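The values are calculated or read from the model by the stated rules, or taken from the named source; none is laboratory data. Remember, predicted model here, so these are calculated numbers, not experimental data. No Cβ is skipped: glycine too gets one built from the backbone with ideal geometry, and neighbour counts run over all protein chains shown. Protein only, heavy atoms only, side chains kept; ligands, DNA and RNA dropped before computing areas. Shrake-Rupley method; radii C 1.70, N 1.55, O 1.52, S 1.80 Å.
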Amino acid sequence: LEDWISDASLAGHAPVASWRDAWLSDWEVQLDRTTYSLHAFVLARASSFFAGSVRMADQGGKLCSNLTNLLPTSCYPVFEHALDWIYSTNRSSFDVPASAAFLLLKVADLLGIGDLAREMNERIAEATADDAVGLLKQYLSFHIPGTDEGREVSAARTAMLRLIIPSFQALLFKFDPDFLEAMTACSTDIIVEILSADDLGVCNEDVVWAFVTHRMSAHLSTEHPLSDDRDSKTVVESKLLDDVEGESAEKFELLAERALVELQALWRCVRLQYLSLESLKLAEYMARGLRVSELQADVFEALALRTEGLDVKAARGMRPPGVAPALSNELDLCFYHFGGNASGPQISKQKRIGDMVARIDVYALGDQRYAGQFATMYFRVVPQRSWPDGWRFDDIALDLTWFRWTSGPVADRHHRVHLEPEDFDEENP
């Protein structure tokens, strides 16, 4: 190395400052069909992978590295960004867009460029929800389920999911084809991690159920509907027959088993006790059709929890912009109305207020008395096992406030109604 620097100085040149300058190159890197003429010392100084290759060359190995099978194909386009960083003398000015940050992080991780990996992790940590879809697509391009991705990639994955989780419904209902495509391509472990989060950004559990049933349709199509005379294995295998032709019986059996495992994993992401009655009935129908005893038990437990008024797993729900969390004497419920002929109620999380345990039920299209005319809301007292027979709460007064899910000042998008005890319907308390 000292001889190299001395020769460069005597020749009137500064040491090479760009990988594009092949002067005094002494190391070749092969990536797919491209050959790079580079400099061993510069590479080894930045990368533990190249440092190991150079040591092997000193012991009689080849003066080259072939990265074609080491780097994922999706990372090929950003390799030159990595070279820019390695050769840069002023890395504070090195800037990579979020559209390439995860891919470059993967390159840095595989090549042992620790400082670059940390910089890309910081870049991803500073990303916004607008970058979430792009980051997810980059990650999926090299993610292999069940593999150890290392500390840096795992940290970036966590940061990326923290962008998606609170914005899940907003991203979903934008009908962004890139997001829908990415979510379809996600492996089960990623979907489960997103949908299991307590702070998942959905207005109610029906949104989670709608996504899960959509995901399930990849295995259970309308061509192979669930019915009481077909078991789960038959249903899944019927769907797979359309997609897998000419495969061995063993591989076909394995695919069917994996499909069932995914269905059960997704199913358990849904907090069934907080589904609307209509969605819960659909879940019961699907559980019967799949003939998986564990899923049927989940539905029966959810029905029991609703009947007995127990609260085992917290309901998830986001609030309109600017609306503060409920106070100790307040109940809140946010719901997204999908349209159609939905008849079941949206149900809030139950809450103890003094001696009372209560919840809110909302029929977006009205209950049986007002079907299609008005939204109907019920304030329900949830009986508890510890209450005596003949319990009763008198002189209840309520303030009801409705917020529209729009932007702008909170005061301009709410409606408030006050109810005194005499306003309550004794026949339908």
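Where only protein heavy atoms count, and the probe is 1.4 Å, what is the accessible area per residue for region 57-124 in Å²? Mind showing how you got there, number by number?
Numbers: 3180 Å² over 68 residues.
For region 57-124, the per-residue accessible area is 47 Å².
If you take every residue apart from S88 with its C-beta less than 13 Å away from the C-beta of S88, what net charge results, scoring Lys and Arg +1 and Asp and Glu -1?
On the way: positive: R20, R45, R91; negative: E80, D84, D95, D115, E119.
For residues surrounding S88, the net value is -2.
State the extension gain, in nm to one decimal, for the chain segment bounded by S141 and A125, taking 0.36 nm per residue of separation less the distance between their alpha-carbons. Provide the component values of the computation, followed by the final result.
Numbers: separation 16, 0.36 × 16 = 5.76 nm, distance 1.95 nm.
Gain on stretching S141 to A125: 3.8 nm.
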Beyond 23 Å (Cα-Cα) in this structure, taken from K137/K174; K137/K349; K281/K349, we find K137/K349
With every protein chain in place, the accessible area of C203 for a 1.4 Å probe, in Å² rounded to the nearest 10, comes to 10 Å²
Extension length gain for M56 and D115 (0.36 nm per residue less Cα distance), in nm, is 18.9 nm
Rounded to the nearest 10 Å², the accessible area of S167 using a 1.4 Å probe with every protein chain kept is 30 Å²
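Only Lys, Arg, Asp and Glu count, each charged at its Cβ (+1, +1, -1, -1), so figure out the dipole size of region 65-187 about its Cα centre, rounded to 20 debye.
200 debye
Kindly rank 87-95, 377-385, 117-125 from highest to lowest mean number of other beta carbons found within 10 Å of each residue. Provide the component values of the computation, followed by the final result.
Working: 87-95: 9.9, 377-385: 15.1, 117-125: 19.7.
For the peptides 87-95, 377-385, 117-125, the packing ranking is 117-125, 377-385, 87-95.
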Counting only DSSP beta bridges fully inside region 26-178, the antiparallel percentage to nearest 5 is 60 percent
Descending packing, highest mean Cβ count within 10 Å first, for 138-150, 352-364 is 352-364, 138-150
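What shape does region 62-148 have by the C-alpha gyration tensor, where a ≥ b ≥ c are the square roots of the eigenvalues, rounded means a/c under 1.5, and otherwise prolate means a/b greater than b/c and oblate the rest? Walk me through the intermediate numbers first.
Details: a/c = 1.97, a/b = 1.13, b/c = 1.75.
Taking the square roots of the gyration eigenvalues as a ≥ b ≥ c, region 62-148 is oblate.
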